[in-house]
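Heads up: the structure comes next, in structure tokens.
The values are calculated or read from the model by the stated rules, or taken from the named source; none is laboratory data. Note that this is a predicted model, so its numbers are computed, not measured. Cβ placement follows ideal geometry from the backbone for every residue including glycine, while neighbour counts extend to all protein chains displayed. Areas reflect the complete protein model, heavy atoms only, side chains present, ligands, DNA and RNA absent. Shrake-Rupley method; radii C 1.70, N 1.55, O 1.52, S 1.80 Å.
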Amino acid sequence: MDIMTKYFDRYDLADALGVHVRTLDRWHRERRGPPRTIVGRQIMYRGEAVEEWLRANEQAAVRVPASARR
């Protein structure tokens, strides 16, 4: 079993999320991105932690009353 198959590097995660690597860095500085781990000089994201972070950031759809639609 290769333990690293459960991890994304920052380039793979940025690609999967459709954002730039600098966005991941900014989210980390602002403490609002997924948790990360540093292995040597490599920044890694655990797939399970990313999924949890995505779930925690889900937002319910907002219902707009018919009278407000135009």
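Quick check: net charge around D12, other residues with Cβ under 13 Å of its Cβ, Lys/Arg +1 and Asp/Glu -1? Don't skip to the answer; put the middle values down first.
On the way: positive: K6, R10, R36, R46; negative: D9, D15.
So the environment of D12 carries a net charge of +2.
Within the accessible area of the chain, what % is carbon and sulfur when the probe is 1.4 Å and the other protein chains stay in place? Carbon-and-sulfur percentage of accessible area, whole number: 49. Amide H contacts of I43: R10, each under 5 Å away and 5 or more positions distant or on a separate chain (H built 1.01 Å from N in the peptide plane; Pro and chain starts excluded). Packing here is the average count of other Cβ atoms within 10 Å per residue, and on that basis the peptides 59-66, 14-21, highest first, run 14-21, 59-66.
May I ask you to derive the relative contact order of the chain, considering only C-alpha pairs under 8 Å and at least 6 residues apart, and to give it as an integer percent? Show your work: numbers first, answer last.
Working: 48 pairs, mean separation 20.9, N = 70.
Across the chain, relative contact order equals 30 percent.
With helices as the sole contributors, the chain gives -11000 deg cm²/dmol at 222 nm; each DSSP H run of n ≥ 4 counts as -39500 (n - 2.57), and the sum is divided by every residue.
Taking the Cα centre of the chain as origin, sum charge times position over the Cβ atoms of Lys and Arg (+1) and Asp and Glu (-1), and report the length of that vector in debye to the nearest 20. Intermediate results must be reported in sequence, preceding the final value.
On the way: 14 positive and 10 negative charges, 105 e Å.
That gives the chain a dipole magnitude of about 500 debye.
Simple rule: put +1 on each Lys or Arg Cβ and -1 on each Asp or Glu Cβ in the chain, find the dipole, and look at Y45, H20, Q59; the Cα lying farthest toward the positive end is Q59.
If you average 1/r over all unlike Cα pairs in the chain and invert the result, what Kirkwood radius do you get in angstrom?
Values: mean 1/r = 0.0717 Å⁻¹.
After inverting the mean inverse Cα-Cα distance, the result is 14.0 Å.
Protein heavy-atom accessible surface, 1.4 Å probe, per residue over the chain: 86 Å². Once backbone amide H atoms are built at 1.01 Å from N, G33 has H28 as its partners under 5 Å, excluding neighbours fewer than 5 places away on the same chain.
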